[in-house]
Amino acid sequence: MGLHVGIIMDGNGRWAQSRGLMRTQGHLEGLKAAKQIVKAASGMGIDFLTLYVFSTENWKRTAEEVGFIMGLARQYLKAEFAFCRENHIRVRHAGDLSGLPPDVAKDIADVRGDTEAFAGMQVILALNYGGRDEIVRAVNKALAGGAGAVAGAPLEINEQVIAEHLDNPDVPDPDLIIRTAGEYRISNFLLWESAYAEYYISDKLWPDWTGADLAEAVDSFQKRERRFGGVNSASRGAGVSL
Ligand code: FPP
């Protein structure tokens with residue numbers, strides 16, 4: 001099937017607050033949900049799963065909360081290696097590695113290297129990720145590398161040049177983007193890559209998400225007809241453009 005699913009894991013704070021707990025407790029439960037979802041996805045024909053762990057805007061949160069989420073990310077990277085090896089899961093990163101604390105960046109680089117040869121599902125952790133930031137970095141990488149340069153002509157930036165300089169240029173665009181906790185926002189997630197993605201909003205808070213919720217989202221996606229800006233097969237003959 002080869003699906004790429006992206007998830008905006010929202011609602012950890014609300015999950016905790018509604019129980020009179022610290023927000024950090026919500027993130028801890030969020031990590032448990034993320035582990036379950038990775039397991040469920042690997043048995044569901046999903047080839048790429050991008051998880052929005054921490055955005056370029058999340059640095060605005062308190063130092064305590066930021067430190068806690070970074071700690072969870074490190075814990076995940078270390079503790080899940082055995083599972084990844086057993087299931088041939090390749091772990092990758094999207095975002096600005098240079099803006100992360102050095103210990104977190106090192107753990108990411110290590111797991112990325114250790115799982116590089118695994119040919120099963122790819123889990124892409126978006127950490128210090130912003131869609132606008134990724135596009136700006138892609139353009140700068142292209143300019144620095146002299147992309148599209150023809151002797152004597154100015155450098156030309158086009159769609160292909162940007163796509164080739166994204167964080168993971170070989171990963172196909174997401175087919176489905178899921179957001180939990182009932183918010184209808186993209187929040188700077190995969191801006192370039194999601195041009196033709198289908199969206200699925202779930203009212204459930206992220207810590208309450210299970211494999212059954214993911215199965216329902218994928219099922220709903222599979223019933224939709226994607227036209228990529230063209231016309232559907234029934235109306236094509238009738239000359240109706242949509
Ligand atoms: C959004 O909830 C969640 C985050 C900003 C952090 C996501 C982190 C995890 C799920 C844990 C780490 C996971 C991995 C795979 C390393 P929110 O705090 O914005 O919730 P709220 O909108 O209810 O306040």
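Among the candidates Ala181, Ala142, the residue that is at pLDDT below 95 and buried (at least 19 other Cβ atoms within 10 Å of the Cβ) is uniquely Ala142. Scanning region 30-49 for any residue that is open to solvent by less than 50 Å² (accessible area, probe 1.4 Å) and of a type in the set (Asp, Glu) turns up nothing.
Out of Asp208, Asp213, Asp175, which single residue is modelled with pLDDT of 95 or more and open to solvent by 50 Å² or more (accessible area, probe 1.4 Å)? Answer to the selection: Asp208. Which of the residues belonging to region 202-226 are without any contact (Cβ under 8 Å) to a residue 60 or more places away in the chain, part of a loop (DSSP other than H, G, I, E, B), within 22 Å of Arg185 (Cβ to Cβ) and out of contact with any Phe, Trp or Tyr (no Cβ under 9 Å at 6 or more places or on another chain)? Residues satisfying the conditions are Asp203, Arg224. Scan region 173-186 for residues that are within 12 Å of the chain's Cα centre (by Cα) and part of a loop (DSSP other than H, G, I, E, B) and the total you get is 4.
Only residues that are modelled with pLDDT under 70 and of a type outside the set (Gly, Ala, Ser): list them for region 147-165, please.
We begin by selecting, within region 147-165, every residue modelled with pLDDT under 70; these are 147-154.
Across region 147-165, the qualifying residues are Val150, Pro154.
The requirement of being crowded, with 20+ Cβ neighbours inside 10 Å and touching a residue at least 24 places away in the same chain (Cβ under 8 Å) is satisfied by Asn128.
The values are calculated or read from the model by the stated rules, or taken from the named source; none is laboratory data. Because the structure is a prediction, the values reported are computed rather than measured. Cβ: placed from backbone, ideal geometry, glycine included. Neighbour counts: every protein chain shown. Heads up: the accessible areas ignore ligands, DNA and RNA and are worked out on the full protein's heavy atoms, side chains in. Shrake-Rupley method; radii C 1.70, N 1.55, O 1.52, S 1.80 Å.
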